[in-house]
Amino acid sequence: MLSIIVGLFVLGLVLIFFELIVPGGILGMLGALAMLGGCVLAFMEYGIGGGLLTSLIFATLSIACLVIELKFLPKTRVGGRFFLQESVSGTSHRPAGREDLVGKECESLTTLSPTGLVMIEGRQYEAFSQSGLVNPGTRMKVVGFDNFRVKVTKL
């Protein structure tokens, strides 16, 4: 029975370790369940003293495995590939515009019905027309911003 308990602990540690490589929580949960099963078997086979000792070993090994994974593994050559080394500073969308564009004149590049494209100081922007349907080439004025679009109105 001792070999089954030790086997469950080893299996649990291996599954918890591989949780790092295959994220999602499944392997970690299976590893914890295997180690918990080993604790239950220890309580059933060796009584309360053996079960408590096994539970203490379970907690110590789990903490040691996590410390090794999170503190020492990222510093190794192989482990460094699994961890992000730099921060990401990009954004998903560029801002619609700058506040200094409010009041500037622009020209519609496409039909605004009520959204379309406008040209402001040589740059294209997605725009929302507060004047309804606007034909291409119409002179307009920037009145504000709404999420990722420029609000415009006819001159």
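All conditions in (1) surrounded by 11 or more Cβ atoms within 10 Å (Cβ to Cβ); (2) closer than 30 Å to Leu13 by Cβ; (3) modelled with pLDDT under 75 hold for Gln85, with the sole exception of (1).
For region 107-123, name all the residues that are in a strand (DSSP E or B) and surrounded by 12 or more Cβ atoms within 10 Å (Cβ to Cβ). Step through it out loud before you land on a result.
The first filter runs over region 107-123 and keeps only residues in a strand (DSSP E or B), leaving 107-108, 112, 115-120, 123.
Matches in region 107-123: Glu107, Ser108, Leu112, Thr115, Gly116, Leu117, Val118, Met119, Ile120.
Here Ile21 meets each of (1) more than 17 Å from Ile63 (Cβ to Cβ); (2) in a helix (DSSP H, G or I); (3) not small (Gly, Ala, Ser) with one exception, condition (2).
With the requirement that a residue be in a loop (DSSP other than H, G, I, E, B) and farther than 15 Å from Ser113 by Cα, what does region 125-151 give you? Let's see the steps before the verdict.
Filtering region 125-151 down to residues in a loop (DSSP other than H, G, I, E, B) leaves 130-133, 135-138, 147-148.
Passing the criteria: Asn147, Phe148.
Being under 14 Å from Leu70 (Cα atoms) and among the hydrophobic types (A, V, I, L, M, F, W, C) is the filter here, so list the residues in region 9-26 that pass it. Ile16, Phe17, Phe18, Leu20, Ile21, listed by residue number.
Quick check: anything in region 33-45 over 30 Å from Gly132 (Cβ atoms), exposed (fewer than 14 other Cβ atoms within 10 Å of the Cβ) and without any contact (Cβ under 8 Å) to a residue 12 or more places away in the chain? Checking region 33-45: at least one residue is over 30 Å from Gly132 (Cβ atoms), exposed (fewer than 14 other Cβ atoms within 10 Å of the Cβ) and without any contact (Cβ under 8 Å) to a residue 12 or more places away in the chain. Taking (1) in contact (Cβ under 8 Å) with a residue 40 or more places away in the chain; (2) of a type in the set (A, V, I, L, M); (3) touching a helix residue (DSSP H, G or I) at 6+ places or on another chain (Cβ under 8 Å) in turn, Ile120 satisfies each apart from (1).
The values are calculated or read from the model by the stated rules, or taken from the named source; none is laboratory data. Being a predicted model, the structure only gives us computed values, none of them experimental. No Cβ is skipped: glycine too gets one built from the backbone with ideal geometry, and neighbour counts run over all protein chains shown.
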